[in-house]
Amino acid sequence: MILTYKVQGGDFSNAGKCSSEVKKVLKQLNIDHKIIKKVVIALYEGEVNIVAHAYHGVITVEINTEKIKITLKDEGPGIPDINKAMEQGYSTASPIVRELGFGAGMGLPNMKKNTDYMHISSEVNKGTEVILINYL
Amino acid sequence: MKVADILKWENTKILCCEESIANIITDGYVSDLLSDVIAHANENMAWITIQTHKNIVAIASLKELACIIITNNNIPADDLIEAAKQENIPIITTSMTSFDTAGKLYIALHY
Ligand SMILES: Nc1ncnc2c1ncn2[C@@H]1O[C@H](COP(=O)(O)OP(=O)(O)OP(=O)(O)O)[C@@H](O)[C@H]1O
Ligand SMILES: [Mg+2]
């Protein structure tokens, strides 16, 4: 099964929609509750990162009997130093984004903690692709 | 304790989802940083915050929290209440500060 969602940068009132729809689908598929929670938490952080940091993006969720693979691909400023971005507490979030409660610099570490595999590739001034895998 | 027990506090009221006041509260978490809540809050916790944007509902729902308590007389946006109704997350507001709310909750849970 493959699901795709479009995400618009700056659209905080719809942030989290993709994650909550994916949660419903995974529940219907009777996937283990603990795995669902990890997947949707990682997905939510990735979804919000597109909203907070990029222009627009597409999220693809592939589900089979073996794993759940999520690809978050955006057009945006990209990440100049991925290792630095992965550090807990590092954030370039704007004051407006911080006012909403984002910008703790914990999103990428949360994604890493809740997935079995995570890979980021990024090109400055073009965009970022994050791949997340949870094995079933 | 249950969400219903909080509603007995002074200057504290529920704005939505009274059908969920039987939700069990086992613990609490105080934070205004959303990713911090994602990292550290757990199921059945009451989340104490001054945040009023509807994003907090999505987080409470993903983490399966018992309720959100918005402190310091902060008033949530209308679209937050709409979202909370869909996700069945009780939204409680209080005139108390986060510190006082956490203290009261702690005593109710542990004494
Ligand atoms: N999709 C993206 N496009 C561009 N930059 C990104 C993207 N995702 C993350 N970053 C960069 O990496 C930093 C760290 O991301 P992370 O999710 O850990 O923290 P945050 O989004 O700043 O705050 P939080 O997630 O705690 O609300 C961001 O501040 C930003 O500079
Ligand atoms: Mg983030």
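The values are calculated or read from the model by the stated rules, or taken from the named source; none is laboratory data. From a predicted model like this one, the values you see are computed outputs, not experimental measurements. Cβ coordinates were reconstructed from backbone atoms using ideal geometry, including for glycine residues, and neighbour counts include every protein chain displayed. Only protein heavy atoms, including side chains, enter the accessible area calculation; ligands, DNA and RNA are left aside. Shrake-Rupley method; radii C 1.70, N 1.55, O 1.52, S 1.80 Å.
Some notes on this structure:
- Some residue of the range B:15-33 being open to solvent by less than 10 Å² (accessible area, probe 1.4 Å), more than 9 Å from chain A (Cβ to nearest Cβ), within 21 Å of B:Asp100 (Cα to Cα) and among the β-branched types (Val, Ile, Thr): yes
- The strands (runs of 3 or more DSSP E) located wholly in the range B:1-100 include none with 3 or more residues which are without any contact (Cβ under 8 Å) to a residue 40 or more places away in the chain.
- The set of residues in the range A:118-127 being in a strand (DSSP E or B), in contact with an Asp or Glu (Cβ under 8 Å, 6 or more places away or on another chain) and more than 28 Å from A:Lys34 (Cα to Cα) consists of A:Ser122, A:Gly127.
- Exclusive hit being more than 8 Å from ligand 1 (Cβ to nearest atom), away from chain B (no Cβ under 14 Å) and not basic (Lys, Arg), set A:Pro77, A:Pro95: A:Pro95
- Answer from A:Lys126, A:Lys112 - the residue that is basic (Lys, Arg) and either within 15 Å of A:Gly9 (Cβ to Cβ) or away from ligand 2 (no atom under 14 Å from the Cβ) (or both): A:Lys126
- The set of residues from the range A:46-61 being within 10 Å of ligand 1 (Cβ to nearest atom), more than 14 Å from chain B (Cβ to nearest Cβ) and of a type outside the set (A, V, I, L, M) comprises A:Tyr55, A:Gly57.
- Matching helices (runs of 4 or more DSSP H) fully within the range A:28-113 where at least 2 residues are at pLDDT 95 or above and over 20 Å from B:Ala58 (Cβ atoms): A:82-86
- Of the numbered criteria (1) touching a Leu at 6+ places or on another chain (Cβ under 8 Å); (2) open to solvent by 60 Å² or more (accessible area, probe 1.4 Å), the one B:Ile75 fails is (1).
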